[in-house]
Every structure is written in C-alpha cells, then in structure tokens.
Amino acid sequence: MLEAYLDIETTGLSPIYSDITVVGIYATDGSYHRFVQLVGEEVTKANLLEALRGVDVIYTYNGGRFDLPFIHALLDIDLARLFRHHDLMLDCWRAIYMVASRQWKFNWVSPGSWWALTEQRQ
C-alpha cells in the first residue's frame, strides 16, 4: 500500500485571496520512497495528480480543515473523495487529551481567558 504525506504552503489563510506556493509529498510503501515538491507554477492539477499516482491513503496535519479544502478550491481536486485521508492532527489531539486527562487537571484562570494546565501532585 502506497501512503503519501502531504503538506502545502500558502500566501495566506483564505483560498479566495491566497495562492498555494508549495506542495510537498512524501510517498512510501516501506521499501519504495518518493519525494515530490511542486513550487510556484509547478503547482497544477495535472502535476499534483501525477505526484499522487498510485497512492492509496494521504496523511496530513490539519489537512481536513486546511490543506485539502485549499487544494479543492484552487486546483479543483477533491482529494478527500479521490483518496482515503487521515488527519494526524486528530491523533495528536487524542493522544494529548489522553495524557492530560490522567496527569493534569484543568484550572480556569479567569472569565474570557484561556484555561491553564497544572500538574497534579500526589
């Protein structure tokens, strides 16, 4: 199974006002490795689909909320429909929550502010 790790760089946070400047893809099946970097004018629908040829699953970090919607809006490619997608950010949040819920207690600092973490002492 060929897995790809995908990340993009953009000129801003909105696909309406911004461009994709770089698409980085690392594809591997454990023994085969391929790295593709599309920069500037190389960032096209055809080039991206060629770079992902043979891929079964795409891994991203926050890709479900940023990278994939950005690519869909600007390159008209719905990667979530074409490939299985796994957003690693959700795994990280889940792991942090599991550790934090066992080792830390959450303390409210003040109304309107962010909560703080303090270590539980036993």
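FYI, it's all coordinate maths here, none of it is from the lab. The model shown is predicted, which means the values in this text are computed figures rather than measured ones. Ideal geometry is used to build each Cβ from the backbone, glycine not excepted, and the neighbour counts take in all protein chains shown.
Please work out which residue is farthest from Tyr26 (Cα to Cα), limiting yourself to region 46-82 and to residues that are without any contact (Cβ under 8 Å) to a residue 60 or more places away in the chain and of a type in the set (Phe, Trp, Tyr).
Phe66
For region 72-99, give me the residue count where each residue is touching a helix residue (DSSP H, G or I) at 6+ places or on another chain (Cβ under 6 Å) and either of a type in the set (Gly, Ala, Ser) or surrounded by 13 or more Cβ atoms within 10 Å (Cβ to Cβ) (or both).
4
List every residue pair whose Cβ atoms sit under 7 Å apart, with the two residues 6 or more apart in sequence or on different chains, where the first one lies in region 28-45 and is without any contact (Cβ under 8 Å) to a residue 60 or more places away in the chain and more than 10 Å from Leu2 (Cα to Cα) and the second, anywhere, is in a loop (DSSP other than H, G, I, E, B) and aliphatic (A, V, I, L, M).
Once the first residue is without any contact (Cβ under 8 Å) to a residue 60 or more places away in the chain and more than 10 Å from Leu2 (Cα to Cα) and sits in region 28-45, its partners that are in a loop (DSSP other than H, G, I, E, B) and aliphatic (A, V, I, L, M) give Lys45/Ile77.
Find the residue count for region 10-30, including only residues that are under 18 Å from Tyr59 (Cα atoms) and surrounded by fewer than 13 Cβ atoms within 10 Å (Cβ to Cβ).
Final tally of qualifying residues: 1.
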